Amino acid sequence: MCFRCLLLFFAQIQDMDQGGRPLLKRTPLYDVYSRYGGKTIDFGGWDLPVQYTGILAEHAAVRTRAGLFDVSHMGEFDVSGPHALALLQNLATNDVSRLADGQALYTPLCNERGGVVDDVLIYRYAVDHYLVVVNAANIDKDFEWFTRHSRGAQIINRSPEIAQLALQGPLAQTILMRVAASEVRDIPYYHFREDVAVAGIPCLVSRTGYTGEDGFELYAAAENATQLFRVLMEAGADAGLLPVGLGARDTLRLEARLPLYGHELTADISPLEAGLGPFVKLDKPDFIGKSALTAQKQQGIPRKLCGFVLEDRGIARAGHPVYIAGREVGVVTSGTMSPTLRKSIGLALIEREYGEIGRTLAVAVRGKSVQGAIVKTPFYRRSQ
């Protein structure tokens, strides 16, 4: 074996466990999980908690009190320079130029065919400086996509340096104000503030989330993650704050009809098909995928993402086929038993002409035809 091959071999085995399996990535909070009873799973190559006290209890905590999530596996890109806005406008379907300093924006990023590369949050520090938050499974792919289309902008992958926590629920503001400056109360939805001291820890605090509830996402240096998590848990102890894992994160986002990349959004599903039309600004200057999306809108969107509730016993899962009037018309993208509604709910991408609300359908669940109906979404909407 040549010397170069030996180096490559030893580099590869360093990334394997004793059983020859690839080592899972860990967030800065990995050692904290066990202290709260966290049970971890392989989630896209990350060793993350699926639950702590239990999915139902954690889901209820977020809906009625508050929950704390470790979402440090998400990626963060620093985009700066005089060409930063031009780069983001070219990649995003939404209009980044409308952002003011201290404001955030949700947007899909599309390929030339109109399929989704990723869905991201963009935070504007200044007209020439932004933070882009990308999905964990897409960090490497997105970074290559950004650099390929850089247009002279400076792009730095800050993901290893940054930890992200999400404090969500009706009591999130009350809890955060116990350890942070009162200014967090005045942060509007989809806005943020830099350098907010949370128990002395500098954080970027944004009023955003992935649960359908009010709440905040906090970005801090990775080395401060453990202290920040403990501070927030202690501040919310008497308010019923619970740490929350991936299980409840999924049931919460699905009740709120929030898309999950790889399910409702893929390189072969357009944002128009996924019901994200409000985040696609076809009247702005050219961007990647605009021609394909414009043609799709003019010709008629071929598929439609629909919410459904099953009336018979059974839980639909991603990949289960959907039938209407005996004809296979689509596929389930996500499904679960809703803890709030106590019904089996799901999202399915189906042929557009079959997507009207109230239409009956059937989902093939483990070889059994389970009856249901298309319903209006979101399944859950918080009271204001």
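No value in this document is a laboratory result; all are computed from the given coordinates. As the structure is a computational prediction, the values presented were derived from the model and not from experiment. Reconstructed Cβ throughout: ideal geometry from the backbone, glycine too, with neighbour counts over all protein chains shown.
Take the Cβ atoms of THR174 and ALA221, set R0 to 22 Å, and the FRET efficiency comes out at 0.30.
Work out the length of the dipole vector of the stretch 19-146 about its Cα centre, built from +1 on the beta-carbon of each Lys and Arg and -1 on the beta-carbon of each Asp and Glu, and round it to the nearest 20 debye.
Result for the stretch 19-146 is approximately 500 debye, rounded to the nearest 20.
The charge dipole of the chain, taken about its Cα centre with unit charges on the Cβ atoms of Lys, Arg (+1), Asp and Glu (-1) only, comes to about 1080 debye. Using a basic spin-label model with each label point 7 Å from the Cα along Cα→Cβ, how many nm lie between LEU282 and ALA318? Placing both labels 7 Å beyond Cα along the Cβ direction yields 2.8 nm.
Modelled label positions at GLU234 and SER34, each set 7 Å beyond Cα in the direction of Cβ, lie 2.2 nm from each other.
Once you mark the trypsin sites (Lys or Arg not before Pro) that are in a DSSP loop and have at most 12 other Cβ atoms within 10 Å, what is the longest gap between them in the chain? With a cap of 12 other Cβ atoms within 10 Å, the longest stretch comes to 1-312. Using C-alpha pairs under 8 Å with a sequence gap of at least 6, the mean separation divided by the residue count of the chain gives a relative contact order of 17 percent.
Farthest toward the positive end of the dipole of the chain, out of ALA126, PRO202, LEU252, is the Cα of LEU252, where the dipole comes from beta carbon charges about the Cα centre. Look at the alpha carbon pairs under 8 Å that are at least 6 residues apart: their mean separation over the length of the stretch 302-379 gives a relative contact order of 40 percent.
The HN-Hα couplings worked out from phi for the stretch 121-134 by the Karplus form 6.51 cos²θ - 1.76 cosθ + 1.60 (θ = phi - 60°) are 10, 10, 10, 9, 7, 7, 4, 10, 8, 9, 10, 10, 9, 10 Hz, whole numbers, x standing for Gly and Pro. Distance between the modelled labels on LYS368 and ASP101, one decimal in nanometres: 6.1 nm (7 Å Cα→Cβ projection).
Full-extension gain between ALA57 and ASP195, please, as 0.36 nm times their residue separation minus the C-alpha to C-alpha distance.
Gain on stretching ALA57 to ASP195: 46.4 nm.
FRET efficiency for ASP42 and HIS83, Cβ-Cβ distance as r, R0 = 56 Å, nearest 0.05? Don't skip to the answer; put the middle values down first.
Values: r = 39 Å, r/R0 = 0.69.
Working from the Cβ atoms, E equals 0.90.
Placing R0 at 30 angstrom, the Cβ-Cβ distance between ASP128 and ARG148 gives a FRET efficiency of 0.90 after rounding to 0.05.
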